[in-house]
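Colleague: For reference, the structure I am asking about is given below.
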Amino acid sequence: MLYHFYELNHAALAPLRTAAQWSQIMLRSPLNPMSKTLSGRTYAAALDVFEAATRRYGKPAFGVTETTVKGQPVAVKKREVWRKPFCTLLHFQRDAAALAALQGTQRADPKVLIIAPMSGHYATLLRGTVDAMLPEHDVYITDWTDARMAPLYTGRFDLDDYIDYLIEMLQHLGPDVHVIAVCQPGPAALAATALMAEDKDPAAPASLIVMGSPIDPRRSPTLPNKLAQERPLQWFRDHVISLVPFTHPGSFRRVYPGFIQLSSFLSMNQEAHVDAQHQFFKSLVTGDGDSENKHREFYDEYLAVMDLTEEFYLQTIKDIFQDHLLPRGLFKHRGRLVKPECIASTALMTVEGEKDDISGIGQTQAAHDLCVNIPQERRLDYIQPGVGHYGVFNGSRFLTEIQPRMRDFIRSFPTRPR
């Protein structure tokens, strides 16, 4: 019923949103004398904030159409290269002729698979990560499907399916792919790599970079980690799982709605978000276009959320955050024990943020303790001072301090020893 109440509430506010939009147009019209007054600008700003706060934000576009290589623009085309009901593999294909002209020959940059989180936000949250990697890498990214858009006939999707998808994508891309797992997919990416290593799969990653990820949530537990521990699994099933309303293609699928996860994200940093809205209001009143645009750009992305299937969410809560099966050596994929110690030739890098309030210090580093047979010279652990969770994969510190280290690490191990 929770999802239905959310939908009804959104529908009930529709006339008010429409009225707010039309009122803004009138109040900001240069033909309206009130547009020049403080009261007129204040009223219009209040209506703008109301409309933005009650709007439903759809899936954003990547909008990546160009990159810069050696100071020269190179066109980029987004292509779907692999698809299943719950994920599409996207390739940001750079113009081959332009690259060849810059290099004097066919350019062969490292092939990188970015595994985006399937934890509420869309893969477009990693737009900055894609942008940063494109100049010197052949970039692919997982674009996970919003569960409310997946009809019931497409079947279930759980953590085992997620790992299967990762293995299939790596096999589709072929040998010597470098994997970047951002946040939530860290345990699954590590498990997929271990399974492929044990099977001596030639498509096993050349390197694995795990960023801000709950490999072992027992280390430096954060508020989300403690919440998962304090409540039994049945509580999550009873309180956060809901049926998709009939207005969506995935109607009657049981899901963890994105709007609930967004509420928990907002509540964790409530003061910061309230202050951001206040600053947004002030920038609208004063006409500070730069601040207004930056606010809209961030929140248009941050407030766009997707639903997760019930089985994926609950299995993740139980196996990763409650039972800690991976660091305890008990994690299984379809009944088969996952053995990180089988990973020996894939290079491993971990990245953490000093102020990460989602995955605390040490949670990602735990991957090194599990992969005991990777030679020391094929490992790197890096903690970025001064950044939180978002700053691990986006922003100025990522661009100037984290991404260059990732680039150098990938180039240090271009292939996986056979």
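Colleague: For region 324-357, name all the residues that are over 22 Å from Asp381 (Cα atoms) and assigned to a loop (DSSP other than H, G, I, E, B).
Modeller: Leu325, Leu330, Phe331, Arg334, Gly335, Val338
Colleague: Quick one: how many residues across region 369-393 are of a type outside the set (A, V, I, L, M) and either within 23 Å of the chain's Cα centre (by Cα) or assigned to a strand (DSSP E or B) (or both)?
Modeller: So the count comes out to 11.
Colleague: I've got another one for you. Please go through region 65-118 and give me each residue that is of a type in the set (Val, Ile, Thr) and surrounded by 12 or more Cβ atoms within 10 Å (Cβ to Cβ), ordered by number.
Modeller: Thr67, Val69, Val74, Val76, Val81, Thr88, Val112, Ile114, Ile115
Colleague: Give the residue that is farthest from Gly174 (Cα to Cα), with candidates limited to residues of region 41-98 that are hydroxyl-bearing (Ser, Thr, Tyr) and touching a Leu at 6+ places or on another chain (Cβ under 7 Å).
Modeller: Among residues in region 41-98 that are hydroxyl-bearing (Ser, Thr, Tyr) and touching a Leu at 6+ places or on another chain (Cβ under 7 Å), the one farthest from Gly174 (Cα to Cα) is Tyr43.
Colleague: Working only within region 287-313, note down all residues that are under 30 Å from Asp158 (Cα atoms) and of a type in the set (Gly, Ala, Ser).
Modeller: Within region 287-313, just Ala304 meets the criteria.
Colleague: Looking at Arg411, is it among the basic types (Lys, Arg), more than 21 Å from Ala116 (Cα to Cα), touching a residue at least 40 places away in the same chain (Cβ under 8 Å) and not in a loop (DSSP other than H, G, I, E, B)?
Modeller: The answer is yes for Arg411.
Colleague: Okay, next question. Tell me, yes or no, whether region 281-293 has at least one residue that is among the charged types (D, E, K, R), in contact (Cβ under 8 Å) with a residue 12 or more places away in the chain and part of a strand (DSSP E or B).
Modeller: No, because not a single residue in region 281-293 is among the charged types (D, E, K, R), in contact (Cβ under 8 Å) with a residue 12 or more places away in the chain and part of a strand (DSSP E or B).
Colleague: Give the residue, chosen from Pro327, Pro340, that is farther than 11 Å from Asp216 by Cβ and assigned by TED's automatic domain parsing to the domain that holds Val177.
Modeller: Pro340
Colleague: Could I ask something else about it? Tell me, yes or no, whether region 365-374 has at least one residue that is surrounded by fewer than 19 Cβ atoms within 10 Å (Cβ to Cβ), on the phi < 0 side of the Ramachandran plot and polar (S, T, N, Q).
Modeller: yes
Colleague: Let me ask another. Taking Leu223 as the residue in question, decide whether it is surrounded by fewer than 18 Cβ atoms within 10 Å (Cβ to Cβ) and either free of Cβ contacts under 8 Å to residues at least 40 places away in the same chain or within 9 Å of Ser359 (Cα to Cα) (or both).
Modeller: no
Colleague: Let me ask you something else. Just checking, does region 352-365 include any residue being under 20 Å from Met196 (Cβ atoms), under 24 Å from the mean Cα position of the chain (by Cα) and not small (Gly, Ala, Ser)?
Modeller: Scanning region 352-365 turns up no residue that is under 20 Å from Met196 (Cβ atoms), under 24 Å from the mean Cα position of the chain (by Cα) and not small (Gly, Ala, Ser).
Colleague: For region 109-216, give me every one of the strands (runs of 3 or more DSSP E) that falls completely inside it and has 2 or more residues that are within 20 Å of Thr88 (Cβ to Cβ).
Modeller: 111-115, 138-144, 177-182
Colleague: When you go through (1) modelled with pLDDT of 95 or more; (2) part of a helix (DSSP H, G or I) one by one for Ala272, which number turns out not to apply?
Modeller: (1)
Colleague: Has region 20-39 got any residue that is at pLDDT below 80 and of a type in the set (Lys, Arg)?
Modeller: Checked region 20-39: no residue is at pLDDT below 80 and of a type in the set (Lys, Arg).
Colleague: Which of the residues belonging to region 186-240 are in contact with an Asp or Glu (Cβ under 6 Å, 6 or more places away or on another chain) and modelled with pLDDT under 95?
Modeller: Result: Thr222, single match.
Colleague: Of all residues in region 8-48, how many are surrounded by fewer than 16 Cβ atoms within 10 Å (Cβ to Cβ) and either touching a Cys at 6+ places or on another chain (Cβ under 6 Å) or part of a helix (DSSP H, G or I) (or both)?
Modeller: 21
Colleague: Taking region 271-284 on its own, how many of its residues are within 15 Å of Ala44 (Cβ to Cβ) and surrounded by 15 or more Cβ atoms within 10 Å (Cβ to Cβ)?
Modeller: 4
Colleague: Could you grab me the full set of residues in region 219-241 that are in a helix (DSSP H, G or I) and more than 11 Å from Phe321 (Cα to Cα)?
Modeller: Leu223, Gln234, Trp235, Phe236, Arg237, Asp238, His239
Colleague: Out of the residues in region 241-269 meeting the condition of being among the aromatic types (Phe, Trp, Tyr) and at pLDDT 75 or above, tell me which one is farthest from the chain's Cα centre (by Cα).
Modeller: Selected residue: Phe246.
The values are calculated or read from the model by the stated rules, or taken from the named source; none is laboratory data. Since this is a predicted model, take the numbers as computed values, not measurements. Cβ sites come from the backbone with ideal geometry, for glycine too, and all protein chains shown count toward neighbours.
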